[in-house]
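Asker: Before I ask anything, let me first share the structure, which is written out below as structure tokens.
The values are calculated or read from the model by the stated rules, or taken from the named source; none is laboratory data. All figures in this text were calculated on a predicted structure; none of them were measured in a lab. A quick note on method: Cβ atoms are made from the backbone with ideal geometry, for glycine too, and the neighbour counts reach across all protein chains shown. These accessible areas exclude ligands, DNA and RNA; they are computed on the full protein's heavy atoms, side chains included. Shrake-Rupley method; radii C 1.70, N 1.55, O 1.52, S 1.80 Å.
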Amino acid sequence: MTYGVLYLYNPRSDQGEEEITVDRAPISSDVWRVGVGDGAGGEQGLMERPIDQFTACGEAIVALLTKP
């Protein structure tokens, strides 16, 4: 089964932190990342967008999950 994961990433962080559970307000240096998996252990990055392009990330996940 194919799946998508949307998470927040801050490339300016010393730790290069990825946040799947976001419990803070996003800041301008954050980016959204979309990862995809095949359900059998294969995972890869699908896209990365600036913080103000959340909608594009959601649309990419919808397109992925609704492919025939």
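Asker: In the range 1-62, what trypsin sites (Lys or Arg not before Pro) fall in a loop by DSSP, with at most 14 other Cβ atoms inside 10 Å?
Answerer: Passing sites in the range 1-62 are Arg12, Arg24.
Asker: Another one. Once both axes come from the Cα atoms, what is the angle between helix 54-65 and the longest principal axis of the chain, in degrees from 0 to 90, rounded to 10?
Answerer: It works out to around 20 degrees.
Asker: On to the next question. I need the peptides 38-48, 54-64 ranked by packing, meaning the mean over residues of other C-beta atoms within 10 angstrom, with the highest value on top.
Answerer: 54-64, 38-48
Asker: Related question: How much of the accessible area of the chain, probe 1.4 Å, is carbon plus sulfur, in whole percent?
Answerer: With neighbouring chains kept in place, the figure for the chain is 52 percent.
Asker: Any idea of the accessible area per residue across the chain, 1.4 Å probe, to the nearest Å²?
Answerer: Normalised by residue count, the accessible surface of the chain is 70 Å².
Asker: Quick one: dipole size for the chain, taken about the Cα centre, charges +1 on Lys/Arg Cβ and -1 on Asp/Glu Cβ, in debye to the nearest 20.
Answerer: Roughly 200 debye for the chain.
Asker: Need one word for the range 5-63: rounded, prolate or oblate. Basis is the Cα gyration tensor (sqrt eigenvalues a ≥ b ≥ c); a/c below 1.5 gives rounded, then a/b vs b/c decides.
Answerer: Here the range 5-63 falls in the oblate category.
Asker: So, in nm, how far is label Arg12 from label Lys67 when the simple model puts each one 7 Å beyond its Cα toward the Cβ?
Answerer: For Arg12 paired with Lys67, the spin-label model returns 3.4 nm.
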